[in-house]
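Take a look at the structure below.
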Amino acid sequence: MKRLFLYIGLVGLLWGGMAPLAWSQALTSLRGTVSDQSGAVIPGAKVTLTNVDTGISRVTNSGSDGVYELLQVLPARYRLSVEAPGFRKYVRENIELLVNTPSTVNVVLEVGHATEVVSVSGEAPLLNTADATLGNTFDEKQVLQLPIESRNVVDLLSLQPGVVFTSNRPDIDVDYDTRSGAVNGARSDQSNVTLVLRN
């Protein structure tokens, strides 16, 4: 009986210790519609998203409505390729997926042989049309060159559009409101900062 309680306690301890790790992952998503030049949707198109740093790929197919969706994707730089019978292969390089910022890439396939490739570059930056989250990336060089006295990562928030630095205001109680900033008029305790380090 003692052994059973010890076993249950050990499993509970391991589960309790690992659960926060499972929920604290910083992820994002990519979705879009695959259509032809006339605007007709293309069901069953093979959509491949490849992490350019690791070479790891995720594959899905567009649904009957032409929509594809890749959920729980790690933030990174990606290459998107889309293939369908009777159409040229579509390839888009350097898609930057940001933490908790769902992105949309709609794909228009051109009629042709599958061996022909349409490579897309220089398109407008991805827009988040799924929800109201904001995201921005800073590389190591930008962070090191910023004149931030305290080297506090949260101070980088003031570089984001719509963010106001509030800790220098006398009407705000810094003992109660410790985040030092407000995003788009929301209370400062309603924001979240996710720091993702890449090699």
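Just so it is clear, none of the values below were taken in a lab; they were calculated from the coordinates. In this text the structure is predicted, and so the values were computed from the model without any measurement. We place every Cβ from the backbone using ideal geometry, glycine too, and count neighbours over all the protein chains shown.
For segment 48-94, just say rounded, prolate or oblate: build the C-alpha gyration tensor, square-root its eigenvalues into a ≥ b ≥ c, call rounded for a/c under 1.5, and beyond that prolate if a/b exceeds b/c, oblate if not.
In terms of gyration-tensor shape, oblate.
Take the Cβ atoms of Val143 and Ala40, set R0 to 45 Å, and the FRET efficiency comes out at 0.45. The string of couplings for segment 68-76 from the Karplus curve (6.51, -1.76, 1.60, θ = phi - 60°) is 10, 8, 10, 9, 6, 9, 5, x, 4 Hz, one whole number per residue in order, with x for Gly and Pro. The string of couplings for segment 89-102 from the Karplus curve (6.51, -1.76, 1.60, θ = phi - 60°) is 5, 9, 9, 10, 8, 6, 8, 9, 9, 9, 4, 6, 10, x Hz, one whole number per residue in order, with x for Gly and Pro. For Thr104 and Val164, a Förster radius of 41 Å and the Cβ-Cβ distance give a FRET efficiency of 0.90, rounded to the nearest 0.05. As a proxy for reagent exposure, ranking Ser81, Ser57 by other Cβ atoms within 10 Å from fewest up yields Ser57, Ser81. Under 5 Å from the amide H of Tyr78 lie the amide H atoms of Val52, Asn94, Ile95, Glu96, Leu97, each residue being 5 or more positions distant or on a separate chain, with H modelled from the backbone and absent for Pro and chain starts. If you plug the beta carbon distance of Val59 and Val111 into 1/(1 + (r/R0)^6) with R0 = 41 Å, you get a FRET efficiency near 0.95. Here the simple spin-label model places points 7 Å from the Cα toward Cβ, and for Leu71 and Ala186 these points are separated by 2.1 nm.
Here the label points at Ala26 and Arg79, each 7 Å from Cα along the C-beta direction, are separated by 2.6 nm in the simple model.
Taking the Cα centre of segment 28-120 as origin and charging only Cβ (+1 Lys, Arg; -1 Asp, Glu), how large is the dipole, in debye to the nearest 20?
Values: 8 positive and 9 negative charges, 30 e Å.
The calculation lands at about 140 debye.
Taking amide H atoms as placed 1.01 Å from N in the peptide plane, the amide H of Asn184 lies under 5 Å from those of Val163, Val164, each 5 or more residues away in sequence or on another chain.
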